[in-house]
Amino acid sequence: MSSAVADAHADHDDHGPVKGWRRWLYATNHKDIGTMYLIFSLVMFFAGGSMALIIRTELFSPGLQFVIPSFFNQMTTMHALIMVFGAVMPAFVGLANWMIPMMIGAPDMALPRMNNWSFWILPVAFSILGSTLFMSGGAPASGWTMYPPLVLQTGDAFPFLIFSVHLMGLSSIMGAINVIVTIINMRAPDMTLLKMPMFVWTWLITAYLLLAVMPVLAGAVTMLLTDQFFGTSFFLAAGGGDPVMFQHIFWFFGHPEVYIMILPAFGVVSEIIPTFSRKPLFGHDSMVYAASSIAFLSFIVWAHHMFTVGMPLTGQMFFMFATMLIAVPTGVKVFNWTATMWKGAMTFETPMLFSLGFLFLFTIGGFSGLMLAIAPADIQYHDSYFVVAHFHYVLVPGSIFGLMAAVYYWMPKWTGHYYNESLGKLHFWLSTIFVNVTFFPMHFLGLAGMPRRIPDYSTQFADFNSIASVGAIGFGLSQLLFVYVVIQCVRKKGTVASQEVWDSPRGLEWTVPSPAPYHTFETPPRISSDTSFS
Amino acid sequence: MQKSGQPEPISTKALSFRLLALAVAMFGFGFLLVPIYDAFCEVTGFGGKTANSAAVDVVEMVDQDRELKLEFVTTVNQYAPWEFHSSVDSMTVHPGGIYEATFIARNLTDKHKIAQAVPSVAPQQAASFFKKLECFCFTTQEFLPGEEKEMPVRFIVDSDLPDYIDTITLSYTFFDTARLTDESAEMAHPEHSASKTGSHNVTR
């Protein structure tokens, strides 16, 4: 292939990335888009985190110190919207983009141009959402759940809130279609569905959840929009509507949404724990069925968010027991992870530490979830800091630790260099200690009766609140260490990583060189016992 | 495409469009939830929802042995400029008997106003047994500037009402229908709500 003709042809068929901004704006390569998603979500993580620090600074002591209540409410609302739709969800989509084609032996995502759109919509959506902070009436302050009639009192920001949610939904739907089509149509020969790695499986289920519920959220906010501007009365009692209806529709989206944020993390730890236990995943197929059961059950438990709106006894019983039923497949998962480690030759590199932290702390969040599922008890806990403690335990050491574990686990594959292991471990220990210092006292605050979403509180809550605030600032600063570790790794400061990176990990992504070339698996690989699951 | 192990079940394009159709269908389903919930609550009486039209099967035997306490609650929505109360706080009724209660509302503004009252019954198990024969809540009510109106509601409590219920609360919330059409003007005058005692938002 050294003839001039062949060279010219090779030039024309250049497979390296385009130089400059075009590479990113016109990106269709799954690795480039994955990288952009991950960077975007990291930026959003810090934006949402700064808002959390404003909240915790104000709550450091009783009384109003730094911000006025309306701004405080804007911070709680924006923190949630940014963390849910800007940080956690795009980060998992970024991982899906990077890893799914490499894990199933596909050359790229099935719909690369749509992939470009689904990413570039996000910066637009969040610019719109962020701009509401500077509008008359301020940013949305009704809580991320956008309950009417409160949300209808939002100032000029209201239509911008709705349209930004529409755009986020659009991006998620396109991303989900892309993931499903890629997984269904582009797997390597002989990779049957049950031979797929768990991360791919959990993402397939997540993508179906996204397709099923993001349009429902879009519908709900559209109804808010028409109620406000076009004279409809979906949620206005005077016109025959019902504000509680919004809660039903919102939580029909909202509960599957929490599994959208956790299932991919389940997939991540299902990859990492076997690698560092040097054993195959225990019960791969039962993991698949457990994840599917969780996804199904997530559609029939929504009203457990609404036990206090006034529901008949039969309704409360149904939603209480259906919710508790979710503990069964989740228990299967926790059992399988534990059984995977049983008698394994375990080592504790940073990804494994984050996975173990996930396992312990997510389970604590799961248990407080079971407490909240008890309808008569929930009436006491409802809208208290106990709820705040619960969902932060499943989201921070749950979803976020899952993401951190994934980044440490696959970063040597992405950059071709190891991260600094000591700093990684330090990041883990600081994060784990501070996350508990931040959120554990909130259980006590909630049980003692402190309501959520308030800028001021009774002096009896002062001690636990100041502890939580110290923890939050510590957690926030610890994440700067993460950024440093990532930057050092991207700048190739660490040891060179081998193709396998870890000690005989399973999966196709470890059969390509490190760093992963711009194009991988242009011819589909044959899978062997080392690269298939189940 | 490049898959050889399994038969190609569906092309990428066809699958993408099917998934897109699923998303569009779910968008529609979100709207469909509204009539579904309404029908569900109408049938079951969940949420204290009572019929929005006159009951027709009025032939009932009056059960003189059973006494029920009927309490009235009146609420004015945040932006509605009315004074609104019932003529009595409560009354004693027998299941099966026809009764009438009177509610009084006064327009506090010097403008022509239209109101809509929204009823609710608690406990919600009683909702489907509380039958209104005539109610000011069936239609909107027009008020001249400063006008005071007496508005009747005629009703029967069905004698099939479960035995364990001895008290029924009938609640009316008064809404300004202009809130629906001329909402910006109303938002500009929120002092109506502040100047009224006993009024509060129906937000939960």
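Some points to look at:
- Within this structure, A:VAL486 fails the test of being over 18 Å from A:GLY105 (Cβ atoms) and surrounded by fewer than 18 Cβ atoms within 10 Å (Cβ to Cβ).
- B:SER159 vs. criteria among the polar types (S, T, N, Q) and in a loop (DSSP other than H, G, I, E, B): yes
- The set of residues in the stretch A:238-254 being within 7 Å of chain B (Cβ to nearest Cβ), surrounded by fewer than 23 Cβ atoms within 10 Å (Cβ to Cβ) and small (Gly, Ala, Ser) consists of A:GLY239 alone.
- Look at (1) over 24 Å from the mean Cα position of the chain (by Cα); (2) hydrophobic (A, V, I, L, M, F, W, C); (3) surrounded by fewer than 19 Cβ atoms within 10 Å (Cβ to Cβ) and you find that A:LEU445 fails only one, number (3).
- So B:ALA117, is it in contact with a strand residue (DSSP E or B) (Cβ under 9 Å, 6 or more places away or on another chain), surrounded by 15 or more Cβ atoms within 10 Å (Cβ to Cβ) and not in a strand (DSSP E or B): no
- A:VAL213 falls short on exactly one of the conditions (1) in a helix (DSSP H, G or I); (2) within 8 Å of chain B (Cβ to nearest Cβ); (3) within 20 Å of B:GLN78 (Cβ to Cβ), and that condition is (3).
- Test: residue in the stretch A:61-69 that is touching a residue at least 12 places away in the same chain (Cβ under 8 Å) and within 14 Å of chain B (Cβ to nearest Cβ): no
- Considering residues of the stretch A:156-202 that are farther than 22 Å from A:GLY94 by Cα and among the β-branched types (Val, Ile, Thr) only, the residue farthest from the chain's Cα centre (by Cα): A:THR192
- Residues satisfying the stated conditions in the stretch A:306-323, i.e. part of a helix (DSSP H, G or I), at pLDDT 90 or above and either facing chain B (nearest Cβ under 9 Å) or more than 20 Å from B:ALA127 (Cα to Cα) (or both): A:THR308, A:MET317, A:PHE318, A:PHE319, A:MET320, A:PHE321, A:ALA322, A:THR323
- Which listed residue, of A:ILE184, A:ILE177, is in a helix (DSSP H, G or I), at the interface with another protein chain (Cβ under 10 Å from one of its Cβ atoms) and farther than 17 Å from A:ARG113 by Cα: A:ILE184
- Of all the numbered requirements in (1) within 30 Å of A:MET102 (Cα to Cα); (2) at the interface with another protein chain (Cβ under 7 Å from one of its Cβ atoms); (3) of a type in the set (S, T, N, Q), A:SER171 misses one, and that requirement is (2).
The values are calculated or read from the model by the stated rules, or taken from the named source; none is laboratory data. All of these numbers come straight from a predicted model, not from anything done at the bench. Cβ: placed from backbone, ideal geometry, glycine included. Neighbour counts: every protein chain shown.
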